[in-house]
Amino acid sequence: WKEDASCKLAFMLLDAPAHMKDEVRSSLHKSIELYAANGIRLIPIAASGVDKTTEFMLRFFSVTTGGTYVFITNDSGIGLEHIEPTVGEYQVEQLNDLIVRLIKYYLQ
């Protein structure tokens, strides 16, 4: 990204928990620190295969970088079973529409 970019976003789609080996943990930690230090907002997207521990990790990533946690539901008809997200009320949107909406939101 350019230094003077008005918005820096990164989308991260996960369909399974991270492999929690030491080198993976270290890499994730360094990446999140780098994103936060450079104003890059991470928008993790949880798909089927994500468990509650991974949901917590993705929420942490989004909060740490000023991003937004996003999840795919069974309404999509795509993939295997999706966990019920730990949130209050939510509105189901098509993923493409949601991504465009978030980009517009962060560009304001």
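Assorted remarks:
- Every residue from the range 92-108 that is in a loop (DSSP other than H, G, I, E, B) and charged (D, E, K, R): 93
- Unique residue being assigned to a helix (DSSP H, G or I), among the acidic types (Asp, Glu) and free of Cβ contacts under 8 Å to residues at least 12 places away in the same chain when the list is 23, 89: 23
- Flag if residue 55 is at pLDDT 95 or above, out of contact with any helix residue (DSSP H, G or I) (no Cβ under 7 Å at 6 or more places or on another chain) and in a helix (DSSP H, G or I): no
- Residue count for the range 86-108 satisfying the condition of being touching a helix residue (DSSP H, G or I) at 6+ places or on another chain (Cβ under 8 Å), open to solvent by 70 Å² or more (accessible area, probe 1.4 Å) and of a type in the set (A, V, I, L, M, F, W, C): 1.
Residues are listed down the side, and each one gets a yes or a no for (1) at pLDDT 90 or above; (2) open to solvent by less than 40 Å² (accessible area, probe 1.4 Å); (3) touching a Cys at 6+ places or on another chain (Cβ under 7 Å); (4) more than 26 Å from residue 94 (Cβ to Cβ):
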residue: 4; (1), (2), (3), (4): no, no, no, yes
residue: 13; (1), (2), (3), (4): yes, no, no, no
residue: 36; (1), (2), (3), (4): yes, no, no, yes
residue: 39; (1), (2), (3), (4): yes, no, no, yes
residue: 42; (1), (2), (3), (4): yes, yes, no, no
residue: 51; (1), (2), (3), (4): no, no, no, no
residue: 69; (1), (2), (3), (4): yes, yes, no, no
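The values are calculated or read from the model by the stated rules, or taken from the named source; none is laboratory data. Quantities reported herein were computed from a predicted structural model and do not represent experimental measurements. Glycine gets a Cβ as well: all are built from the backbone with ideal geometry, and neighbour counts include every protein chain shown. Protein only, heavy atoms only, side chains kept; ligands, DNA and RNA dropped before computing areas. Shrake-Rupley method; radii C 1.70, N 1.55, O 1.52, S 1.80 Å.
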